[in-house]
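Colleague: Pasting a structure below so you can have a look.
The values are calculated or read from the model by the stated rules, or taken from the named source; none is laboratory data. Only a predicted model underlies this, so the values are computations on that prediction, with no experimental measurement involved. Neighbour counts are summed over all protein chains in view; Cβ atoms, including those assigned to glycine, are modelled from backbone coordinates with ideal geometry. All accessible areas refer to the heavy atoms of the entire protein, side chains included, with ligands and DNA or RNA removed. Shrake-Rupley method; radii C 1.70, N 1.55, O 1.52, S 1.80 Å.
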Amino acid sequence: MSATFPLRLHLLGYAAPPIASPLVWGLAGVLALLTLGALAALILPLARRGHDYTNLRQRVISWWVMVALLSAALALGWQATLVLFAAISFVALREFLSLAPAHREDRLIILASYLVVPISYAWIALNEYGIYLVFIPVWVFLITPFLMALIGQTRNYLQRAAGFHWGEVACVYTIGFVVFLMRTPAHLPMPAGPAGLVFLLLVATEANDVAQYVWGKLFGRHKIVPKVSPNKTWEGFLGGWATTAALIWLIGPIYAPLSGVSLAIMALVLPVAGFAGDVTMSAVKRDIGVKDTSRLIPGHGGLLDRIDSLTFTAPLYFHLMTFFVLHR
């Protein structure tokens with residue numbers, strides 16, 4: 001079965017791209033960390049009886065599933081990555097719209113918002129970068145309030161129109177830049193190929209979340225945004241920022257054509273963007289009055305909870321990469 005599957009893909013006109021060795025080693029490193037996490041989830045309940053490690057076990061299992069899906073998508077190429085992230089955008093948008101206050105007359109606008117997902121990712125599939133850039137920020141921004149006015153939706157008009165557009169930008173537009181990295185032309189200098197660019201973005205974003213959490217738990221004393229997220233501290237933010245910046249500086253040249261000033265700028269600003277995305281989504285959830293956007297991912301909450309940092313890091317990473325390297 002395994003021998004015939006690539007042949008069938010080839011006969012259908014699809015061939016998985018070769019996987020660069022840095023990407024293989026990087027994925028192996030991630031799997032090694034997950035294995036350590038799994039061992040910790042097994043040993044800690046035996047070593048420290050009376051403590052509940054259910055959440056840790058759930059988180060580790062969920063990470064195995066998420067890493068497996070992402071690894072398979074990157075290995076299969078931009079088409080598989082597009083399908084995966086289109087599904088991520090759809091589920092994240094569904095979570096957001098299910099949380100935001102809605103009225104019966106909003107059904108048409110909600111349907112239109114869901115249609116934004118396939119249309120937006122279709123521009124990526126067609127490699128229409130110029131249209132993608134303006135589709136949601138300009139045309140969806142204009143069409144959504146027009147449709148609301150056309151059917152007579154005037155109750156809380158401005159607030160609801162803004163809410164729909166915020167969800168479309170955060171859940172669809174910003175996440176689509178991850179897939180556009182996979183469309184990077186092969187002739188451009190990339191030490192680990194387009195998948196390496198995505199790998200560096202995802203590893204840096206998730207490492208920043210984990211590092212901020214660990215540093216905050218170990219040394220957190222001074223609240224940084226107590227009215228939005230009481231558990232976040234200056235120690236956690238600065239420790240996570242330094243850890244992630246060092247990680248990007250060390251492994252950045254392995255996966256992306258970055259060096260010198262461009263690498264330093266990426267290392268300095270990307271962790272800040274991750275923190276900004278986390279805090280912004282926390283403010284949204286606090287305004288709505290919920291802790292998690294759903295219970296889809298055991299131990300993590302909703303999918304939107306898991307990609308909140310990525311909504312800020314993905315467009316920043318993409319545009320910095322484009323400015324420094326890819327535009328050439």
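Colleague: Any residue in segment 157-181 that is open to solvent by less than 20 Å² (accessible area, probe 1.4 Å) sitting within a Cβ distance under 6 Å of a residue that is aromatic (Phe, Trp, Tyr) and modelled with pLDDT under 95? List the pairs, counting only those 6 or more apart or interchain.
Modeller: Listed pairs, sorted by first residue: GLY167/PHE96; CYS171/PHE96.
Colleague: Picking from ASP278, ASP305, which residue would you name as being acidic (Asp, Glu) and in contact with a strand residue (DSSP E or B) (Cβ under 9 Å, 6 or more places away or on another chain)?
Modeller: Just one listed residue meets the conditions, ASP305.
Colleague: What number of residues in segment 213-268 are farther than 18 Å from VAL279 by Cα, open to solvent by less than 20 Å² (accessible area, probe 1.4 Å) and in contact (Cβ under 8 Å) with a residue 40 or more places away in the chain?
Modeller: 7
Colleague: Oh, and also: Looking at (1) over 19 Å from ALA273 (Cα atoms); (2) surrounded by 14 or more Cβ atoms within 10 Å (Cβ to Cβ), can you tell me which one ASP209 breaks?
Modeller: (1)
Colleague: Can you tell me which of LEU201, LEU188 is touching a residue at least 40 places away in the same chain (Cβ under 8 Å) and assigned to a helix (DSSP H, G or I)?
Modeller: Selected residue: LEU201, the only one of LEU201, LEU188 that is touching a residue at least 40 places away in the same chain (Cβ under 8 Å) and assigned to a helix (DSSP H, G or I).
Colleague: Shifting gears a bit: Just for segment 32-76: of the residues that are among the basic types (Lys, Arg) and assigned to a helix (DSSP H, G or I), which one is surrounded by the most Cβ atoms within 10 Å (Cβ to Cβ)?
Modeller: In this case the residue turns out to be ARG57.
Colleague: Return yes when ALA38 is at pLDDT 90 or above and out of contact with any strand residue (DSSP E or B) (no Cβ under 9 Å at 6 or more places or on another chain) and no when it is not.
Modeller: Spelling it out, it is not the case that ALA38 is at pLDDT 90 or above and out of contact with any strand residue (DSSP E or B) (no Cβ under 9 Å at 6 or more places or on another chain).
Colleague: Let me ask another. Return the only residue of TRP139, TRP123 being surrounded by 12 or more Cβ atoms within 10 Å (Cβ to Cβ), among the aromatic types (Phe, Trp, Tyr) and without any contact (Cβ under 8 Å) to a residue 12 or more places away in the chain.
Modeller: It is TRP139.
Colleague: With of a type in the set (D, E, K, R), at negative phi, within 16 Å of the chain's Cα centre (by Cα) and open to solvent by 20 Å² or more (accessible area, probe 1.4 Å) as the only criterion, which of ASP308, ASP278, ASP287 stands out?
Modeller: So the residue among ASP308, ASP278, ASP287 that is of a type in the set (D, E, K, R), at negative phi, within 16 Å of the chain's Cα centre (by Cα) and open to solvent by 20 Å² or more (accessible area, probe 1.4 Å) is ASP278.
Colleague: Taking the criterion of being closer than 24 Å to ALA32 by Cα, in a loop (DSSP other than H, G, I, E, B) and in contact with a Phe, Trp or Tyr (Cβ under 8 Å, 6 or more places away or on another chain), would at least one residue in segment 213-223 satisfy it?
Modeller: Within segment 213-223 (the criterion being closer than 24 Å to ALA32 by Cα, in a loop (DSSP other than H, G, I, E, B) and in contact with a Phe, Trp or Tyr (Cβ under 8 Å, 6 or more places away or on another chain)), the answer is no, since none of the residues qualifies.
Colleague: Turning to a different aspect of this structure: Just checking, how many residues over segment 126-136 are open to solvent by less than 40 Å² (accessible area, probe 1.4 Å) and out of contact with any Asp or Glu (no Cβ under 6 Å at 6 or more places or on another chain)?
Modeller: Matching residues across segment 126-136 total 2.
Colleague: Is it true that ALA102 is among the aliphatic types (A, V, I, L, M) and not in a helix (DSSP H, G or I)?
Modeller: yes
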